[in-house]
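This report refers to the structure that appears directly beneath it.
None of the figures in this text is laboratory data; all of them are computed from the coordinates on show. From a predicted model like this one, the values you see are computed outputs, not experimental measurements. We place every Cβ from the backbone using ideal geometry, glycine too, and count neighbours over all the protein chains shown.
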Amino acid sequence: MARLLEYYRKEVVPSLKTKLGRENPHAVPKLQKIVISMGVGKAIQERKRLEEAVQHLTMISGQKPQITRSRKAVSAFRLRENMEIGCMVTLRGHRMYEFLDRLISLALPRVRDFRGLNPKAFDGAGNYSLGLNEQLVFPEIPGDKAAYVQGMNICFVTSATNNEDGKALLTELGLPLRKE
């Protein structure tokens with residue numbers, strides 16, 4: 001069992017029950033999935049960039065990503081419909097908790113000038129999104145082997161119905177949000 005999943009069941013659920021005033025443990029918000037996406041706009045000219053992004057996302061998540069395609073043609077960007085322009089992966093279950101554990105304990109402390117995550121990045125429904133400027137903060141990716149530095153978006157989808165419940169869940173799990 002993932003270390004963070006065990007911690008969630010033994011520590012976080014009882015703590016959230018008292019903090020949110022809920023009797024039923026199933027009424028406590030939980031993390032449903034984590035979506036990691038990389039938009040590789042320069043893949044239009046260089047196919048290698050997309051291939052490297054897919055390879056790095058596979059190493060980070062432990063799961064093969066899905067290649068995303070453009071929906072519309074935009075002539076200013078030299079983009080046609082159905083061109084491959086990014087990749088994404090959805091993590092659930094044990095892989096999700098293992099990724100979150102590595103993100104909190106290994107990757108975020110390696111970000112330069114890190115002072116905590118923005119507490120205002122909730123979407124109104126209890127989901128939280130963050131962006132990383134480079135994939136090299138993950139220890140799985142060797143810095144000397146990476147030809148291109150690529151950013152990524154990470155979205156935490158929770159079962160919370162409002163921002164306060166989602167924030168309580170993510171801070172209990174250990175996500176380092178800045179104090180307001």
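Data for the structure
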| quantity | calculated |
| --- | --- |
| For THR68, residues with placed amide H under 5 Å, excluding near neighbours | ILE85, GLY86, CYS87, MET88 |
| Full-extension gain in nm, THR58 to ALA73, via 0.36 nm per residue minus C-alpha separation | 2.6 nm |
| Proximal aspartates and glutamates relative to LYS120, as straight alpha-carbon distance under 20 Å, when same-chain residues fewer than 8 apart are discounted | GLU164, ASP165, GLU172, GLU180 |
| Proximal lysines to LYS48, defined as alpha-carbon separation beneath 16 angstrom and excluding residues fewer than eight positions away on the same chain | LYS145 |
| In order through segment 87-97: 3J(HN,Hα) via Karplus (6.51 cos²θ - 1.76 cosθ + 1.60), integer Hz, x for Gly, Pro | 8, 8, 9, 10, 9, 9, x, 5, 4, 5, 5 |
| Sequence-distant residues sharing a close amide H with LEU177 (under 5 Å, placed H) | LEU117 |
| 23 Å Cα-Cα reach of LYS10 towards lysines, excluding residues that sit fewer than 8 places from it in its own chain | LYS19, LYS30, LYS33, LYS167 |
| Listed values (i) 16.3; (ii) 17.6; (iii) 15.8, entry calculated as Kirkwood radius over Cα pairs in Å | (ii) |
| Spin-label pair ASN162/LYS30, simplified geometry with 7 Å Cα→Cβ offset, distance in nm | 2.3 |
| Stretchable slack from GLU51 to ARG92, in nm (0.36 nm times residue separation minus alpha-carbon distance) | 12.4 nm |
| Helical mean residue ellipticity (222 nm; -39500 (n - 2.57) per DSSP H run of 4+; nearest 500) of the chain | -8000 deg cm²/dmol |
| Acute angle (nearest 10 degrees) that the helix 163-173 long axis makes with the longest principal axis of the chain, alpha-carbon atoms | 90 |
| Net charge of Cβ neighbours under 13 Å - reference HIS26; Lys, Arg +1; Asp, Glu -1 | +3 |
| Net lengthening on full extension, ALA2/LYS179 (0.36 nm per residue, minus Cα-Cα) | 60.9 nm |
| Relative contact order (%) - criterion: Cα under 8 Å, at least six apart; region: segment 30-173 | 31 |
| Sequence-distant residues sharing a close amide H with SER129 (under 5 Å, placed H) | PHE156 |
